[in-house]
Amino acid sequence: MLKLRGIAWRIFSPSTMFWLLAAWVFMYATLSIWTVEAFGKFMERLPDDLLLQVPFAIFIIVSSVNYVSYVISRVRASWLSAPFWLLAPTGALLFLAGFFMSAVSSESGRIFVGTGSVVQPPWQDRQYVVSKIDTGLKDEFIDMGQGGGLIFKLSPRLFLQGGGQSHEVGIFPPTKVSSTYYHIMDFGLAPGVRISRDGEVLKEGFVIQRLLPPGLRSSFDLSPFPYRFSIKILPEREMIKGGEKLHVYNIKKPAYSVVIEKGLDVVFEGDSTSPIEVDGLSIEFYEPDYWFWLEGSRNPGYMLLAYGIILFAAGVPLLLIAMVFNAHGVQGRDKDPDLPLDG
Amino acid sequence: MGNKESIVLIQDSVVYGVREGLKVGLLYFVWSGLVMQQIRGEKIRSLLVGIAFAFFVFLSVSLMDTGMVEKEFSYRLAGYVFFLLFFSASVVLLRFQDVNIAWNQGYWPVWAHLIVLFASFVFFAPDAIASAIYLRELAELEQSALGVYLSLGIGFIPVLMAVYLLTNRSAGRISGFFGLAQFLIFLVLLKLLLGGAAGFAESSLVPTVQRGVMKFVHDLIHQSFLYLLVPDHPMLKTSTWNFIGFFFGPDFSIALALCILLVPPVYYLYAIITAPVTYPDSADTGADRRLVRAEVRHQRIRRMVPIAVFILIVTMSWYTSGSEKAMSLYVPEPKPLIEDKGMVIIPLSTPGADLTDGKIHKFSLLVDGKGVRLLLVRKPDSSLAVTLDACEICPADGYGQRGEHVVCIYCRTPIPLETLGKPGGCNPIPLVVSITDRDVRIQMAEISNKWKLLVNSRPGGEK
């Protein structure tokens, strides 16, 4: 019995943690020196490879046991200082556990949706319908040169309807619906394009493009036609504000700057305010639709991961403070009381 | 080749010889000091046999006709041996502070000799390969192999002889400074200060570790964001992205790199300073105990010296140039190109540049009166990637190179060289080109169309 306890004591000791961590560092550094994308390779294999999963899981279990023992010792030492010492390790442990669960058991999928689209991830029985989408776009957009990040400020959202409830889904944080987290990965305009010859419509539909914020240019092909179209939204008018010339865009009914290439030749360069004539074809752009790129993920480790990061970020400064105070406390105690000065 | 260049090459060879001689000599010196008290000759022999094997590798590589792959292999091998040394040293510093190798045991089993033999071979083999390649290149430049190898010998042999003489006189005095941890740290220092070969060696430890840390942190954060469903940077506010970008940047990575390098030795110093003194039963008076305590302290201080030197050198390396080197991306100035009958032709090799050297090369040309930048680089599979110096997502700030990655200057995403030529994301936009034995040919229309589409798509316009 004592022997068993001894073995258990050894297995769950900090030494085991140290050696598992050292083994991982060794493996990772070896991979990164001799191959490329060591982390990518590790993550690629982790979901399926027991040789990686088992040591990772053992590391988490051993860390948890040591964590409990650490919590007890810290709380016994001082109730007041315990949070300073415990927050960061708690965060680190939760992060590790969440990361492992996410790697091993999460599933995700992405889908383009519009109003009326049905959403049903393969891991879920219940269907949801996109009952409404709200791009958050204003009728007019004034380009004030903000550049990137503008889309996030607009806060697009959509509503998933199912099971008698409606769930609002935005960009971040994701919304948990049943067991699945949803968020909007991207959204934008899908201009309507009609190609006809002598009044007969040959092709018609919406093309999903990245044109927002206005000023972005996007390209697409329309098979079987041998053309490459590139478009961007044209400003509707200009205005002077504070001495600056600003462009005002009509987002709801935009006009486009259009370049059409055939092979390496540019066969048309102009705007879409009137039908474009190319090789006897008439090309028209009409009122756009909107597209959303919705991502769904079933991830049992999500909350652990999220809280782990928060606690760790909050805990590191506290830990440093505690270490500084502790170092001050240790100073002056390093005297040997058993050492008399006389012989 | 002129006399002046010849003299420089000869000087290089002599300096090289001195450095290699110092490396062999210092290891011999310390090892002799450690094993001097007992059966020295036998234990030195295993070390010398290992060095002899490495010398054999040096001769083999010098005589072989090899290409780029060997150079790449040598570079990785040198890095890996360095990692093995530092890793072992760190483990020992953190876990086995009190371990003395059984230097003074009279009898060593065969396996102990084999370990010493193998370790000395592994220690010197990468440098032997690198040296052979470097000296062969020097010999080609000098057009005289004899001159180069003679110069090497002139540098190598006197240093070795001097160290040998010094060893007989004073090697015994150094044994008190070395336990297992100190010996491993000494090997790390030897590699750090005298390691590698000119032309393709890492001259400093800090930038290398920093680059690795940067990549790891980037990948870890990116993976965590994937799990947390955080949108990619085009969807984030600039301020949010700048905050996240701090963790991808050089300040954060240098702090982590220094932690990795300095925590084990600093912890060792802390442990050795705060470890209680154990008194033997015979020390029953205060005077005896003070004597014991003084002896222990003296021994501890000696053991701290090599570790303190290591800390000092790493800190100095960081303070002087390490961080700067890792921070700065290699961003070459674009070389101007001229269109010729709707085509741009870039020679693969000119007196001033070699497109197949593994570094990024940038070119610029005018399209409708505006500047366009191209990026060329030889990928690890030896194929050439030819792209625009811009991606589809970020402003067209272009790319720099850091090791085996190109890094988007705007969003700091590292992109492996292997993936260049593939479209999408933060990868540089690939161009359709034709590559002959002598040059790269690109249709002007291909360049201008893709660049126009790119810069017109930016709200901020062209950069």
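With solvent modelled as a 1.4 Å probe, how much accessible area in total do chains B and A shield from it at their shared surface, in Å² to the nearest 100?
Roughly 4800 Å².
State the Cα centre-to-centre distance between region A:247-281 and region A:157-179 in whole Å.
Spelled out, the Cα-based centre of one part sits 38 Å from the other.
Is there a pair in B:191/B:215; A:132/A:241; B:215/B:370; A:232/A:262; A:203/B:422 whose C-alpha atoms are over 27 Å apart, and which pairs would that be?
From the list (B:191/B:215; A:132/A:241; B:215/B:370; A:232/A:262; A:203/B:422), the Cα-Cα distance tops 27 Å for A:132/A:241; B:215/B:370; A:203/B:422.
If I compute solvent accessible area with a 1.4 Å probe over the protein chains, what percent of it on the protein assembly as shown is carbon and sulfur?
The C+S portion of the solvent-accessible surface of the protein assembly as shown is 63 percent.
Roughly what angle does helix A:14-34 make with the longest principal axis of chain A, taking Cα atoms, 0 to 90 degrees, to the nearest 10?
For helix A:14-34, the angle is close to 40 degrees.
Taking the Cα centre of chain A as origin and charging only Cβ (+1 Lys, Arg; -1 Asp, Glu), how large is the dipole, in debye to the nearest 20?
For chain A, the charge dipole is close to 1420 debye.
What residue among A:251, A:240, A:202 has its Cα farthest toward the positive end of the dipole of region A:192-288, where the charges are +1 on Lys, Arg and -1 on Asp, Glu, each on the Cβ?
The listed residue farthest towards the positive side: A:240.
Can you pull the mean other chain C-beta count within 10 Å for peptide A:32-45?
4
Taking a ≥ b ≥ c as the square roots of the eigenvalues of the Cα gyration tensor of the protein assembly as shown, is the shape rounded (a/c under 1.5), prolate (a/b larger than b/c) or oblate?
oblate
Looking at region A:192-288, I'd like the Rg to Rh ratio, where Rg is from alpha-carbon atoms and Rh is Kirkwood's inverse mean 1/r.
1.02
Using the crude model of +1 on Lys and Arg Cβ and -1 on Asp and Glu Cβ, and no other charge, please compute the dipole size for region A:192-288 relative to its Cα centre, in debye to 20.
Taking the Cα centre of region A:192-288 as origin, the dipole is about 480 debye.
If one takes the longest principal axis of the Cα atoms in chain A, at what angle in degrees, from 0 to 90 and to the nearest 10, does the Cα axis of helix A:82-105 lie?
Taking the Cα atoms of chain A, the angle to A:82-105 is about 50 degrees.
Sorting B:7, B:409, B:338 by accessible area (1.4 Å probe), largest first, what list results?
B:338, B:7, B:409
Starting at the first residue of region B:381-386, write each ³J(HN,Hα) from the Karplus equation 6.51 cos²θ - 1.76 cosθ + 1.60 with θ = phi - 60°, in whole Hz, x for Gly and Pro.
7, 6, 7, 9, 9, 10
Quick check for you: with a 1.4 Å probe and neighbouring chains kept, what is the accessible area per residue of region A:192-288, in Å²?
For region A:192-288, the solvent-accessible area averages 52 Å² per residue.
How shielded is B:217-228 by partner chains, expressed as the average number of their Cβ atoms within 10 Å of its Cβ atoms?
Mean shielding by partner chains, rounded to a whole number: 5.
Out of residues 5 or more away from residue A:203 or on other chains, whose amide H comes under 5 Å of its own, with H placed 1.01 Å from N in the peptide plane?
Excluding prolines and chain starts, which carry no amide H, the hits are A:195.
I need the per residue convex hull volume for chain A, using only the alpha carbons, in cubic angstrom as a whole number.
309 Å³
Enumerate the calculated ³J(HN,Hα) couplings along region A:193-205 in order (Karplus 6.51 cos²θ - 1.76 cosθ + 1.60, θ = phi - 60°), each rounded to whole Hz, writing x wherever the residue is Gly or Pro.
10, 10, 10, 9, 9, 6, x, 8, 6, 9, 7, 8, x
Taking the Cα centre as origin and putting +1 on Lys and Arg beta-carbons and -1 on Asp and Glu beta-carbons, what dipole magnitude results for the protein assembly as shown, to the nearest 20 debye?
Computed about the Cα centre, the dipole is about 2540 debye.
Just want the answer: with Cβ charges of +1 for Lys and Arg and -1 for Asp and Glu, which residue in A:61, A:312, A:40 is farthest toward the dipole's positive end in chain A?
A:61
When a/c reaches 1.5 or more, the comparison of a/b and b/c decides; with that in mind, is region B:256-403 rounded, prolate or oblate per its Cα gyration tensor?
Verdict is prolate for region B:256-403.
The values are calculated or read from the model by the stated rules, or taken from the named source; none is laboratory data. Note that the coordinates shown come from a computational prediction; the quantities given were computed from them, not determined experimentally. When we count neighbours, we look across all protein chains shown, and the Cβ atoms used for this are built from the backbone with ideal geometry, even at glycine. Ligands, DNA and RNA are excluded from the accessible area calculation, which covers all protein heavy atoms including side chains. Shrake-Rupley method; radii C 1.70, N 1.55, O 1.52, S 1.80 Å.
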